[in-house]
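Before any comments, here is the structure.
The values are calculated or read from the model by the stated rules, or taken from the named source; none is laboratory data. Bear in mind the structure is a predicted one, so any value in this text is a computation, not a measurement. Backbone-built Cβ (ideal geometry, glycine too); neighbour counts: all protein chains shown.
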Amino acid sequence: MEAYANEIRMTNLGSDVVINLSKDAIEQRKRKFLGMYIYFNAMKVVWKEGLRPFIGLDGTFLKGQCKGQLLVAMA
């Protein structure tokens, strides 16, 4: 698995590869595979190109000791 992950990292620059192993097994000097995450750089590029500008607005009324309104804007 590590050889495959290293090959992806070398041939697909910018790609993310994470191998999850059991912590309990590592403490016992064993290796137990739990999962593998691969995110190719080409997928990152295409996803970022497809994004549209977004402005989110939200608000709420505050009750209790601090009364008023809380407004949030995010971009």
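A few notes on this one:
- Pairs with Cβ under 8 Å, 6+ apart, first in the range 4-27 and closer than 25 Å to Lys44 by Cα and free of Cβ contacts under 8 Å to residues at least 40 places away in the same chain, second polar (S, T, N, Q) and surrounded by 11 or more Cβ atoms within 10 Å (Cβ to Cβ): Ile8/Ser15; Arg9/Ser15; Asn12/Asn41; Leu13/Asn41; Gly14/Asn41; Ser15/Asn41
- Criterion (of a type outside the set (Asp, Glu) and in contact with a strand residue (DSSP E or B) (Cβ under 7 Å, 6 or more places away or on another chain)) met by exactly one of Ile19, Ile26: Ile19
- Failed item in (1) over 25 Å from Ala75 (Cα atoms); (2) in contact with a strand residue (DSSP E or B) (Cβ under 8 Å, 6 or more places away or on another chain), with Ile55 passing the rest: (1)
- Looking across Ala25, Ala3, Ala73, one residue alone is surrounded by 10 or more Cβ atoms within 10 Å (Cβ to Cβ) and either at pLDDT 90 or above or over 22 Å from the mean Cα position of the chain (by Cα) (or both). It is Ala25.
- Residue pairs meeting the criteria (Cβ under 6 Å; at least 6 apart or on separate chains; first surrounded by 10 or more Cβ atoms within 10 Å (Cβ to Cβ), in the range 34-60; second among the hydroxyl-bearing types (Ser, Thr, Tyr) and in a strand (DSSP E or B)): none
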